[in-house]
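Okay, so here's the structure we're looking at.
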Amino acid sequence: MKTFEYDAATAVDDAVARLAQDEHAMVLGGGTNLVDLMKLGVAGPSTLIDVTRLPLHDIEIVADGSLRIGAAVTNSDLAVHPVVRQRYPVLSRAVLSGASGQLRNMATTGGNLFQRTRCVYFMDSSKPCNKREPGSGCPARTGEHRNLAILGASQACVATHPSDMAVALSALDARIVVRGVDGERVLAIDDFYRLPGDEPERDNTVARDEIVTAIEIPKPADTAVSTYRKVRDRQSYAFAIASVAAVLDVEDGIVRGVSIALGGVAHKPWRAHIAEHALLGTAAEEASFRRAIALELDAAEPLRDNAFKIPLVINLVSRTLVELTDSEVRS
């Protein structure tokens with residue numbers, strides 16, 4: 001591991017100022033991903049700026065009814081918070097499916113947003129990788145890509161985003177609050193993340209001297225139900241082959257509102273806008289669900305070994321929506 005300095009920030013503006021002064025400094029939350037990348041030689045910060053002591057540990061309902069989650073809230077505290085479990089079960093289930101209790105106790109909500117891909121070529125510093133070393137190539141396209149992207153990829157990168165929590169936040173229309181030297185701004189989560197294009201080294205749109213301070217989630221409709229489902233290679237904690245976060249509002253058998261986000265299929269949480277548009281005003285039944293998600297996947301461009309994800313996602317999404325519809329009927 002490369003030698004580095006360690007500093008504990010005493011205030012948000014202090015952390016921002018230190019980032020601005022050192023282009024090789026990085027923020028440290030729980031360190032559950034960053035420290036691994038440092039050990040592998042994938043990340044080599046000059047300084048780690050510890051932000052876990054900043055006053056960003058609160059979960060609160062604000063005046064407009066939305067939920068504000070401090071960036072330093074641990075994944076464990078987020079998953080079991082009574083408001084999260086009651087209003088946003090999709091988020092609680094996503095976080096619980098993401099890692100063991102030991103890791104959730106360390107991992108922070110803000111840090112979770114910045115997880116980097118587990119593509120084997122990115123994680124191996126001896127291999128070429130456009131995300132790690134721009135211009136070096138993407139061997140995954142012809143190599144090991146079974147668990148990589150089928151949507152939104154580019155010639156430069158077919159990596160997938162690993163976070164379960166971020167997929168749920170996408171379905172919930174979350175907003176990410178960031179602070180930098182020029183002040184505070186709020187990003188829709190769909191604008192926070194980016195597709196690889198010809199700059200796959202950039203996972204998101206946060207500036208180097210900005211830090212995330214909070215996540216805001218709008219209050220859901222009182223009649224909406226939600227859940228998170230994940231397909232993985234083993235029953236114990238593993239990254240998603242494919243996952244779905246779904247929020248559904250059905251009235252008299254008709255879809256009045258729906259949000260669908262997919263994980264394990266793209267460089268960012270993939271919001272299924274085409275499927276959502278197709279479902280609004282239609283009968284809440286499996287045939288409609290299957291047609292809608294199939295339309296979404298018309299844009300898929302699978303590689304040699306991951307075309308199986310297309311029928312997998314169709315089945316996963318349609319069955320999840322059926323279960324949510326049944327739960328609405330029973331409630």
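The values are calculated or read from the model by the stated rules, or taken from the named source; none is laboratory data. Given the structure is predicted, the values throughout are model-derived calculations rather than measurements. So basically every Cβ, Gly included, is an ideal-geometry build from the backbone, and we count neighbours across all protein chains shown. SASA here: full protein model, heavy atoms, side chains in, ligands and nucleic acids out. Shrake-Rupley method; radii C 1.70, N 1.55, O 1.52, S 1.80 Å.
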Per the helix-only model, the chain has a calculated mean residue ellipticity at 222 nm (DSSP H runs of ≥4, -39500 (n - 2.57) each, divided over all residues, rounded to the nearest 500) of -8500 deg cm²/dmol
So the angle from the long Cα axis of helix 286-296 to the longest Cα principal axis of the chain, reported in degrees to the nearest 10, equals 40
Probe 1.4 Å, all chains present, heavy atoms only: Tyr6 accessible area in Å², nearest 10, is 110
Ranking Glu144, Glu23 from most to least accessible area with a 1.4 Å probe gives Glu23, Glu144
Expressed in square angstrom to the nearest 10, the accessible area of Leu280 with a 1.4 Å probe stands at 90
Longest principal axis of the chain (C-alpha) makes with the long axis of helix 309-330 (C-alpha) an angle, in degrees to the nearest 10, of 60
Taking only the alpha carbons of the range 209-331, the radius of gyration and the largest Cα-Cα distance, Dmax, both in angstrom, are 15.3, 50
Of every hundred units of 1.4 Å-probe accessible area on the range 217-262, the number belonging to carbon and sulfur atoms, as a percent, is 44
Ordering Glu286, Glu296, Glu216 by the accessible surface of their heavy atoms, 1.4 Å probe, largest first, yields Glu286, Glu216, Glu296
Within the chain, the percent of DSSP beta bridges that are antiparallel, given to the nearest 5, stands at 85
Given unit charges at Cβ for Lys, Arg (+) and Asp, Glu (-), the dipole magnitude of the chain about its Cα centre in debye, nearest 20, is 1020
Percent relative contact order for the chain, counting Cα pairs under 8 Å at least six residues apart, stands at 16
Heavy-atom accessible area with a 1.4 angstrom probe orders Thr108, Thr10, most exposed first, as Thr10, Thr108
Reported to the nearest 10 Å², Arg290 has, with a 1.4 Å probe, an accessible area equal to 90
In whole percent, the Cα-Cα distances of the range 147-238 spread across 10 Å bins from 0 upward as 13, 36, 35, 14, 1
Hull surface over four for the Cα convex hull of the range 13-60, reported in nm², is 4.0
Here P(r) for the chain, Cα-Cα distances in 10 Å bins, as whole percents, is 6, 26, 34, 24, 9, 1, 0
Here P(r) for the range 272-331, Cα-Cα distances in 10 Å bins, as whole percents, is 23, 49, 22, 6, 0
